[in-house]
Amino acid sequence: MIRIVNEDTPLFILDTEDTSYLFKVTATGHPEHLYYGAKITADSSDGLTECHEFAEGNTNAVDDEHKNFTLENMRLEISSYGKGDIREPMIELTNSDGSFTVDLRYDSYELSKGKKEPEDFPGSYGAEDEVDVLKIVMKDKENNLQLDMFYYVYPKCNVITRKCVLTNHGDGRVIIDRLMSMLMDFDNGSYTMHTFTGAWTREMHKSDIPVKAGKTVVSSYTGTSSSRANPLVMISEGIANEEYGKVYGFNLIYSGNHYECCEMSPYGKVRFVAGINPSGFRWTLEKEECFETPEEVMTFSREGFGKMSHNMHDFVNTHIVRGEWKERLRPILLNSWEASYFDINESKLVNLARIAKKIGIELFVMDDGWFGTRDDDTSSLGDWYANKKKLPGGLKGLCSKIKKLGLDFGIWVEPEMVNEKSELYRSHPDWVIAIPGKPHSKGRNQMILDLTRSGVQEYIIDTMTRILSSCDISYIKWDMNRTFTDIFSSALPADRQGEVIHRYYMGLYHVMNVITKKFPKVLFEGCAAGGNRFDLGILSYFPQIWASDDTDPVVRAEIQTSYSYGYPPSTISCHVSDSPNHQTLRRTHSTTRFNVAAFGVLGYESNLMDMRKEQLEGYKKQIECYKEWRQTMQYGRFYRIMSFADSLSDTHSVITPTTGKHLEWCVVSEDKKTALSMILQIMVIPNSQTAVIHPAGLDPDMRYSLNNRELSYSILDFGSLVNTAAPVHIRADGHNHHLLDKFIRMPGEKESHIMYGDAIMNAGVHLKSGFAAVGYDDQVRFYQDYSSRIYILRSEENDNGNDQQDHKDNG
Ligand code: GLA
């Protein structure tokens with residue numbers, strides 16, 4: 001809800017269910033930020049406004065009429081350079097006379113309701129009863145500039161989004177060097193900025209950086225939102241954990257270069273700005289032209305990081321993801337990449353799909369290698385025609401064979417790219433981002449198509465239309481495997497080259513919009529060398545994203561934990577792959593690989609044809625389990641109960657920094673009648689039998705049964721310990737050991753408890769004894785390095801005991 005109190009100048013009160021955001025216009029016409037935080041009752045700005053009776057020493061007054069107003073130490077909603085504020089500006093530009101002072105003052109406001117679904121540029125959307133809109137018009141009369149600042153208030157999700165539009169009403173051209181989506185000043189205090197940085201196969205490493213004097217910046221400069229720094233950032237105030245404390249969450253609805261900065265001024269105030277990275281950005285506005293920024297999402301929670309994430313999850317599921325896949329269950333897929341990389345052909349794929357069907361897979365995805373002469377990554381991107389040697393019946397032939405098996409069919413594409421070794425490059429060498437006449441640096445042997453050009457956009461739309469119309473394709477994995485270098489478009493003049501990256505995304509979003517609208521039933525999955533473009537811009541068109549090329553469950557557990565701060569499980573695509581893992585060579589149990597992947601959109605990426613019967617049987621049971629709880633896994637409330645980083649315990653004799661590190665997640669159905677809890681440890685603590693789990697988010701008054709997914713173990717996992725029970729000597733890993741393994745499984749522990757929700761959450765559930773080298777029977781928890789467990793909690797009121805009743809139509 002938005003309220004306006006007209007004092008001498010207007011006071012704006014933006015309320016969501018649990019938060020309030022207030023600012024007012026000062027006598028000088030500057031929007032002064034008053035408050036953002038837990039909901040408050042206010043009918044005036046009394047007590048909320050800072051007092052500045054005299055301007056601070058050695059500062060500049062805004063104008064002669066207001067000598068006490070110095071912008072340098074005010075809390076503002078917007079600021080620019082040149083009138084006394086020397087902190088991070090929201091706007092930097094060069095006026096037509098060469099000056100770079102901008103002096104925007106309040107002009108008027110407008111209220112409205114509802115926000116349309118995004119078309120050629122991503123953004124949030126909501127019906128009239130879901131979103132209130134405030135537009136503040138600011139004008140720079142000296143330079144004939146107008147800045148419209150938009151606030152979209154989503155009360156139910158406790159989210160407010162901000163963006164702005166700058167229009168040049170002057171006669172001359174204006175060059176924008178920076179136009180951020182938002183700026184906000186916090187009162188003096190103790191703040192921590194939480195960022196997510198990383199690299200390929202190790203995306204989303206969370207850092208907690210105390211905000212001290214000076215600037216803390218996180219940004220991407222790869223031309224993508226990037227695995228190097230996700231646009232999701234959080235700011236906590238004072239002490240905060242998952243359940244308590246003040247936490248602000250921010251995210252940019254954009255896939256290009258972004259910039260987020262916390263600056264503590266010499267007066268101790270903290271300014272936050274976020275938007276397009278000004279580095280590499282320069283935009284020319286001719287007379288009456290305007291530039292619109294992407295939207296920044298903001299939320300606040302007084303109940304720690306947990307509630308902040310829940311606000312973000314609700315917002316993404318309801319106001320970002322759209323189309324037929326909104327709130328719809330996602331299929332379980334098998335992807336061919338790690339099964340055979342480029343070495344694919346029809347019979348291999350059909351055989352793989354046949355086994356996939358048997359174990360319960362619903363969608364078969366052919367990854368890279370199916371087109372042109374693509375036998376490795378040196379050629380053929382751009383030549384989107386099936387390789388007839390590999391697929392004699394083309395896409396159509398393979399598709400009909402897969403469909404006949406009872407599976408849906410999907411394919412991998414990378415339409416934004418081209419190899420020099422391709423027909424496309426030979427016919428259109430000018431279609432790439434490159435500086436004519438100068439050497440070009442490549443990534444993965446490929447070049448980026450110049451999507452600023454409408455001809456290139458049309459080519460991609462036509463190509464995808466042809467492919468998607470050629471047979472019954474249900475799913476597309478849309479990849480983008482390199483970052484930008486040598487940025488230049490031969491379609492743009494020399495003085496507009498600073499516009500290339502942003503124009504590239506305008507072109508890409510147009511393409512994505514057209515294709516997703518033309519093929520609304522197709523499930524699109526974003527991918528960029530794993531998580532190099534995991535952002536709300538992509539999610540505005542594609543409902544899920546491949547989170548990382550790393551499928552090692554231990555690394556993935558940390559990556560998924562980090563994504564969960566801002567992105568709901570329904571958007572995070574996760575696969576069970578082989579052991580040893582292809583990215584880390586780490587050996588892990590298939591149960592652990594499943595347990596981690598199950599807390600997102602589950603898929604498999606493994607050569608099923610090489611698998612033993614028992615392994616396939618294991619996968620089949622996993623898939624059955626996931627199908628049973630899919631609604632909760634994809635759309636339940638997700639809780640981070642313990643992370644590796646927080647879990648180093650000194651109550652045990654900890655001997656290395658990783659020993660004892662463990663992680664605990666829980667996901668709870670909307671009606672709280674079902675919950676699944678997962679634990680995973682990195683390294684065993686010797687001689688430690690006891691362990692307690694603390695599932696969260698339950699109904700305190702409900703009685704729940706808690707059971708583990710029942711497991712049994714190979715006697716090979718016990719090595720020579722087998723001799724402590726065997727009547728005859730068995731050589732560990734020898735012939736007889738393997739022979740016995742075919743007939744004997746070691747029983748796993750059974751957990752079975754009935755407890756009230758409040759007891760489970762507060763006292764915790766004490767688990768069966770962990771293996772401690774003093775005996776083993778079916779009451780002992782077999783818990784090695786990288787072991788994990790899923791516990792299923794069912795309310796006694798749950799009629800049929802599983803999620804099935806919640807399933808939306810999923811074919
Ligand atoms: C990228 C993706 C992988 C796979 C390969 C194919 O690396 O992230 O999942 O699709 O491309 O070349």
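Just a few scattered comments:
- Screening VAL247, VAL211 for residues that are surrounded by fewer than 23 Cβ atoms within 10 Å (Cβ to Cβ) and under 27 Å from LEU76 (Cβ atoms) leaves exactly one candidate, VAL211.
- Filtered residue count, the stretch 551-601, keeping only those that are of a type in the set (A, V, I, L, M), over 17 Å from PHE644 (Cα atoms) and open to solvent by 10 Å² or more (accessible area, probe 1.4 Å): 1
- Taking the criterion of being within 23 Å of TYR604 (Cβ to Cβ), in a loop (DSSP other than H, G, I, E, B) and more than 16 Å from the ligand (Cβ to nearest atom), the residues of the stretch 522-570 that qualify are VAL522, PRO543, SER564, TYR567, PRO568.
- Residue in the stretch 75-98 that is of a type in the set (S, T, N, Q), in a strand (DSSP E or B) and crowded, with 17+ Cβ neighbours inside 10 Å present: yes
- Qualifying residue in the stretch 228-238 (condition: closer than 21 Å to PHE484 by Cβ and open to solvent by 10 Å² or more (accessible area, probe 1.4 Å)): yes
- Failed item, numbered, when TYR505 is tested on (1) within 30 Å of the chain's Cα centre (by Cα); (2) within 16 Å of the ligand (Cβ to nearest atom); (3) open to solvent by less than 10 Å² (accessible area, probe 1.4 Å): (2)
- Whichever residue in the stretch 388-412 is within 21 Å of LEU523 (Cα to Cα) and within 16 Å of the ligand (Cβ to nearest atom) and, among such residues, is surrounded by the fewest Cβ atoms within 10 Å (Cβ to Cβ): TRP412
- Of all residues in the stretch 749-802 being in contact with a Phe, Trp or Tyr (Cβ under 8 Å, 6 or more places away or on another chain), β-branched (Val, Ile, Thr) and outside any loop (DSSP other than H, G, I, E, B), the one that is surrounded by the most Cβ atoms within 10 Å (Cβ to Cβ): ILE760
- Only one entry of SER573, SER647 meets the criterion of being within 22 Å of the chain's Cα centre (by Cα) and either part of a strand (DSSP E or B) or modelled with pLDDT under 95 (or both), and that entry is SER573.
- Counting only strands (runs of 3 or more DSSP E) wholly contained in the stretch 274-387, the ones carrying 2 or more residues that are within 16 Å of the ligand (Cβ to nearest atom) occupy 333-335, 363-366.
- Evaluation of PRO686 against (1) free of Cβ contacts under 8 Å to residues at least 60 places away in the same chain; (2) open to solvent by 30 Å² or more (accessible area, probe 1.4 Å) (one fails), failing number: (1)
- Yes/no for GLU458 being within 30 Å of TRP283 (Cβ to Cβ), more than 25 Å from the chain's Cα centre (by Cα) and open to solvent by less than 10 Å² (accessible area, probe 1.4 Å): no
- Flag for ASP46 being free of Cβ contacts under 8 Å to residues at least 12 places away in the same chain and in a loop (DSSP other than H, G, I, E, B): yes
- For the stretch 209-225, filtering for residues that are among the β-branched types (Val, Ile, Thr) and part of a loop (DSSP other than H, G, I, E, B) leaves 3.
- A single member of PHE519, PHE484 is more than 16 Å from the ligand (Cβ to nearest atom), open to solvent by 10 Å² or more (accessible area, probe 1.4 Å) and over 30 Å from TYR604 (Cβ atoms), and it is PHE484.
- Matching option when the condition is outside any strand (DSSP E or B) and either hydroxyl-bearing (Ser, Thr, Tyr) or in contact (Cβ under 8 Å) with a residue 40 or more places away in the chain (or both), among LEU698, LEU676, LEU680: LEU698
- Per-region count, the stretch 700-750, residues over 36 Å from the mean Cα position of the chain (by Cα), under 27 Å from ILE623 (Cα atoms) and hydrophobic (A, V, I, L, M, F, W, C): 6
- Count of the stretch 1-33 residues which are touching a residue at least 40 places away in the same chain (Cβ under 8 Å) and closer than 23 Å to GLU65 by Cα: 12
The values are calculated or read from the model by the stated rules, or taken from the named source; none is laboratory data. Everything numeric in this text was worked out from a predicted model, so none of it was measured. Cβ sites come from the backbone with ideal geometry, for glycine too, and all protein chains shown count toward neighbours. Heads up: the accessible areas ignore ligands, DNA and RNA and are worked out on the full protein's heavy atoms, side chains in. Shrake-Rupley method; radii C 1.70, N 1.55, O 1.52, S 1.80 Å.
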